[in-house]
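Single-structure report; data block below.
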Amino acid sequence: MVVLSASILSNRGSKPLVSRQFVEMNRLRVEGLLAAFPKLMGHSKQHTFVETDAVRYVYQPLENNMFLLLITTKASNIVEDLGTLRLLAKVVPDVTGSVSEHAINEHAFEIIFAFDEVLTTGGYKEDISPSTIRTNLEMHSHEEEMALMLKESKEAAAKQQMQEQAKAIKDRQMAALRDNLMSGGAGAGNRPQTGMVGFGGGGPPAPGGGFDMFGQTGGMGDQQGGSAPGGFGAQSDNPYANLGKSNEPEIEAPKVVAKGMKLGGVGGMRKKDSLMAGMLAEDNLRGVAGNAADPFGLGIGAPAAAAVPAAPSAPATIMVEEKMLVQMSREGEVKSSEIKGTITYTANTDAGTMANVVVNKPVYSAQCGAGWSFATHPKVDKKSYEKQGVLALKGGKPYPINRPVGILRWNYSGEDSAPFTVNCWPEDEGSGAINVNMEFELQREDAVITDVNILFPLGTTDPPAIESIDGQFKHDPSTGMMCWHHDVIDANNSTGSLEFSIAGGDVDVFFPVQIAFTSQSLMCPIEITCLTNSSSGAGIPNNMTVRVVPEIYQCV
């Protein structure tokens, strides 16, 4: 058998939909053969054949007045042609799903591929079944599946690595900013500089200084001259000392051609200072700072030399410290909260080596119930501690000089240990903007928390549009960070809120929210009642520091 063409026709055979040729034929001949078929077919509705002088038409009616037509040579075996016709009649609905003109047009290429599976080039029939045709059309390949799986696994691994690296970079940036806030700007010369600019207000001022850490006692600065104490120029008390760097290049004075090398000359610097002073005078900003190299008190001048630590002024130093690890949900619910407290004793001189540190053990033992645990250093005499609350080394041994020793530790895990909570509610407004509402609430009425800085990313370098605020804020356009600041959170200022809008569409970019603060309100009611010499019983002068450190305090 030799099949010249296989076609599907509609409109009682007068409209060709799909036609596949298996021998070399020009278009005019194919169109002429198909156009002659309706006239030769007559009114017969049984599958049969029609012959002409040159070819034979073998056809079978389908649904919806459609026909499946094979054009063969007259010498072809009619029995084999009818078998091929029946096989193609099974394949067509299997490929298209339904025998209709729309379905045939939609799956035209699939039908041609199926015809090619049944008939080879030259018009000869293949020994093949409908299930084999279906499998071949699906083109299932185990090697291709393995290659795709390998490709997907590599892409997933690369994506995971990218996310981990991005998270690590973000965590390092957040940790650096948080450490800067907690350290109060110490070591500014060794940290990367950013550009916190802009501030707003609305909260109660701190006693005796307002918002001095931002230099905002009465505006941008003291207009009468000199830097305001505790303002931008006060690096030790300013948590934004490293976040206030200006990104604009420093204006250079006009260059003067020198006649020769001159070491140690200061004339150029004096001219430069004069130029900057003139610019400040024009902008009415002479009183912001008295240093032309740092006109706005942002610490952009040459870094100051590291101060030599002063010698201890007392024979002993005592540090009472609580480190807090708090994780909150976005709704302000405390997920986990842990306090790790330590009493550290340092003997600065020989007079402080033989010491008894006495604590109010009966008081805190009675108030600290379930969830609290206390442990002394292995070298501390536990019997004297349990009976009298005295922390001293066993056998009357002296403390080492200039080496801190942690003599007592305590630990507590409970939701009530968080002094205050913060919640953040970002809402997508659907117009390319996000409305964010933040709120803090004091949980412990006895706590006094100062220098509170709530730091969070904005996901964009655009400044936020503040709608309402309690306290102050600053925005760093270079890193896309914003800080919400409060001088004091206590029983008289127990709640506060912030509402702003910003361009964006991802409500997850504002997390995690990092919180830094300073406080002397310990969760544990422990106190150092006295410090005496273990031999003579006389009191030992000492420097005592009590502080709470938010090691991890965040809203995720």
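The values are calculated or read from the model by the stated rules, or taken from the named source; none is laboratory data. Quick caveat: nothing in here was measured; it's all calculated off a predicted structure. For neighbour counting, all protein chains shown are included, and Cβ atoms are generated from backbone atoms with ideal geometry for every residue, glycine included. The accessibility values were calculated without ligands, DNA or RNA, using every heavy atom of the protein model including side chains. Shrake-Rupley method; radii C 1.70, N 1.55, O 1.52, S 1.80 Å.
Remarks
- Some residue of the range 306-321 being under 30 Å from VAL507 (Cβ atoms), open to solvent by less than 70 Å² (accessible area, probe 1.4 Å) and either touching a Cys at 6+ places or on another chain (Cβ under 8 Å) or modelled with pLDDT of 95 or more (or both): no
- In the range 534-550, the residues that are open to solvent by 60 Å² or more (accessible area, probe 1.4 Å) and aliphatic (A, V, I, L, M): MET544
- Residue, farthest from ALA314 (Cα to Cα), within the range 348-397, restricted to residues that are assigned to a helix (DSSP H, G or I) and among the small types (Gly, Ala, Ser): ALA366
- Residue within the range 97-106 that is surrounded by 19 or more Cβ atoms within 10 Å (Cβ to Cβ) and either modelled with pLDDT of 90 or more or touching a strand residue (DSSP E or B) at 6+ places or on another chain (Cβ under 9 Å) (or both) present: yes
- Only one entry of SER365, SER413, SER373, SER431 meets the criterion of being open to solvent by 30 Å² or more (accessible area, probe 1.4 Å), of a type in the set (Ser, Thr, Tyr) and at pLDDT below 90, and that entry is SER431.
- For VAL118: the one exception among (1) at pLDDT below 85; (2) in contact with a strand residue (DSSP E or B) (Cβ under 9 Å, 6 or more places away or on another chain); (3) among the aliphatic types (A, V, I, L, M): (1)
- Verdict on ASP94 being in contact with a helix residue (DSSP H, G or I) (Cβ under 9 Å, 6 or more places away or on another chain), of a type in the set (D, E, K, R) and either at negative phi or open to solvent by 50 Å² or more (accessible area, probe 1.4 Å) (or both): yes
- Looking only at residues in the range 488-527 that are open to solvent by 20 Å² or more (accessible area, probe 1.4 Å) and among the β-branched types (Val, Ile, Thr), the one that is nearest to LYS167 (Cα to Cα) is VAL509.
- Pairs, first closer than 16 Å to ILE343 by Cβ in the range 385-400, second open to solvent by 30 Å² or more (accessible area, probe 1.4 Å) and basic (Lys, Arg), C-beta under 7 Å, six or more apart: GLY389/LYS361; LEU393/LYS379
- Against the list (1) touching a Lys or Arg at 6+ places or on another chain (Cβ under 9 Å); (2) of a type outside the set (D, E, K, R); (3) without any contact (Cβ under 8 Å) to a residue 60 or more places away in the chain; (4) within 23 Å of SER337 (Cβ to Cβ), the condition LEU442 fails is (1).
- Going through (1) at pLDDT below 55; (2) on the phi > 0 side of the Ramachandran plot one by one, ASP294 falls short only on (2).
- Positions within the range 1-39 being of a type in the set (D, E, K, R) and either closer than 21 Å to ALA89 by Cα or touching a Pro at 6+ places or on another chain (Cβ under 7 Å) (or both), in sequence order: ARG12, LYS15, ARG20
- Among the criteria (1) within 18 Å of VAL2 (Cα to Cα); (2) touching a His at 6+ places or on another chain (Cβ under 6 Å), the one PHE115 does not fulfil is (2).
- Subset of the range 323-362 (residues that are open to solvent by less than 20 Å² (accessible area, probe 1.4 Å) and hydrophobic (A, V, I, L, M, F, W, C)): MET324, VAL326, MET328, VAL334, ILE339, ILE343, ALA347, ALA355, VAL357, VAL359
- Pairs where the first residue, in the range 513-528, is touching a residue at least 60 places away in the same chain (Cβ under 8 Å) and within 15 Å of PHE420 (Cβ to Cβ) and the second is open to solvent by 30 Å² or more (accessible area, probe 1.4 Å) and part of a loop (DSSP other than H, G, I, E, B), C-beta under 6 Å, 6+ apart: SER521/VAL448
- Residues satisfying the stated conditions in the range 58-75, i.e. touching a residue at least 40 places away in the same chain (Cβ under 8 Å) and open to solvent by 10 Å² or more (accessible area, probe 1.4 Å): LEU62, ASN64, ASN65, PHE67, THR73, ALA75
- Condition met for GLU24 (open to solvent by 50 Å² or more (accessible area, probe 1.4 Å), touching a residue at least 60 places away in the same chain (Cβ under 8 Å) and either closer than 21 Å to GLU126 by Cβ or among the small types (Gly, Ala, Ser) (or both)): no
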